[in-house]
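The values are calculated or read from the model by the stated rules, or taken from the named source; none is laboratory data. Every value quoted in this text rests on a predicted model; they were computed, and no experiment measured them. Note: ideal-geometry Cβ built from the backbone for every residue, glycine included; neighbour counts use all protein chains shown. We work out accessible area using only protein heavy atoms, side chains counted, and drop any ligands, DNA or RNA first. Shrake-Rupley method; radii C 1.70, N 1.55, O 1.52, S 1.80 Å.
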Amino acid sequence: MRYKTHIVSSLTLGVGLSIIFNYPFHFAYVIGISFGSLLPDIDEPKSYIGRRSFGIAKYVNDKYGHRGITHSLFAWVFISLIYVIYPSPLSLGISLGYLFHLLGDLFSIRSIPFLAPFSTHYFKLPFTYRTGSITEDILLYIFIFLLLYFVFILGELHIYLIQSTVESIVSFIRILIELFHFLLD
Ligand SMILES: [Zn+2]
């Protein structure tokens, strides 16, 4: 899956969970899912996140290769510890986004070593798509449609999203002002 499809499909699933469990569709939750949905590809220097990783991707790739340990349930549990230690919309988003990325890649033809490092088996599912193919394009458009439908119509999540975004920006500016005062005093 390309990075756009990862972000959009993960957000769509995240929105679905938000509606089902009545979980607030917070700005930080959206940022967390988007970031988490890119994170497993930190093992590929040419990936969207890899090109912005200040060399971390090259290090991980040299050590584990692409679609290795970062694409496993083990890595997901490890990342989810952040949520266990610091529960917040952001850390929950990161954990979910990571999991949805793994699901997305699991359905690709190449698949992922879901049980690494305990097993190197690449699980093949009956319904697959090829990364960068027309099928992936179609999936992307379906996810975009569902995402917009969930956010604006079915769950009307945009209202709380806009509100929490404004609140986050205001508190960020407030922190900056306080920091300024602190430095000038
Ligand atoms: Zn991946």
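Summary table below
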quantity	calculated
Selected residue (criterion: nearest to the ligand (Cβ to nearest atom)) from residues of the stretch 6-48 that are in contact with a Ser or Thr (Cβ under 9 Å, 6 or more places away or on another chain) and of a type in the set (S, T, Y)	S47
Selection status of P40, of a type outside the set (S, T, Y), under 19 Å from S119 (Cβ atoms) and touching a residue at least 24 places away in the same chain (Cβ under 8 Å)	yes
Selected residue (only one of T165, T131 is surrounded by 11 or more Cβ atoms within 10 Å (Cβ to Cβ) and in contact with a strand residue (DSSP E or B) (Cβ under 6 Å, 6 or more places away or on another chain))	T131
In the stretch 100-116, the residues that are farther than 16 Å from K4 by Cα and open to solvent by less than 80 Å² (accessible area, probe 1.4 Å)	L106, I109, S111, I112, P113, F114, L115, A116
Candidate set from the stretch 49-63 (those that are open to solvent by less than 20 Å² (accessible area, probe 1.4 Å) and touching a Pro at 6+ places or on another chain (Cβ under 8 Å)); member that is nearest to the ligand (Cβ to nearest atom)	A57
Cross-chain or 6+ apart pairs with Cβ under 7 Å, the stretch 64-89 first and within 12 Å of the ligand (Cβ to nearest atom), then open to solvent by less than 60 Å² (accessible area, probe 1.4 Å) and of a type in the set (V, I, T)	R67/I112; T70/I42; T70/V60; H71/I112; A75/I69
Which listed residue, of Y160, Y122, is touching a Pro at 6+ places or on another chain (Cβ under 8 Å), hydroxyl-bearing (S, T, Y), over 25 Å from G16 (Cα atoms) and open to solvent by 60 Å² or more (accessible area, probe 1.4 Å)	Y122
Y23 surrounded by fewer than 18 Cβ atoms within 10 Å (Cβ to Cβ) and under 12 Å from the mean Cα position of the chain (by Cα)	no
Residue that is open to solvent by 20 Å² or more (accessible area, probe 1.4 Å), farther than 29 Å from F74 by Cβ and part of a helix (DSSP H, G or I), where the choices are F143, F150	F150
Any hit, the stretch 5-17, residues being modelled with pLDDT of 95 or more, more than 19 Å from L106 (Cα to Cα) and open to solvent by 30 Å² or more (accessible area, probe 1.4 Å)	yes
Cβ pairs under 7 Å, 6+ apart, first in the stretch 146-157 and of a type in the set (G, A, S), second modelled with pLDDT of 95 or more and surrounded by fewer than 18 Cβ atoms within 10 Å (Cβ to Cβ)	G155/I19
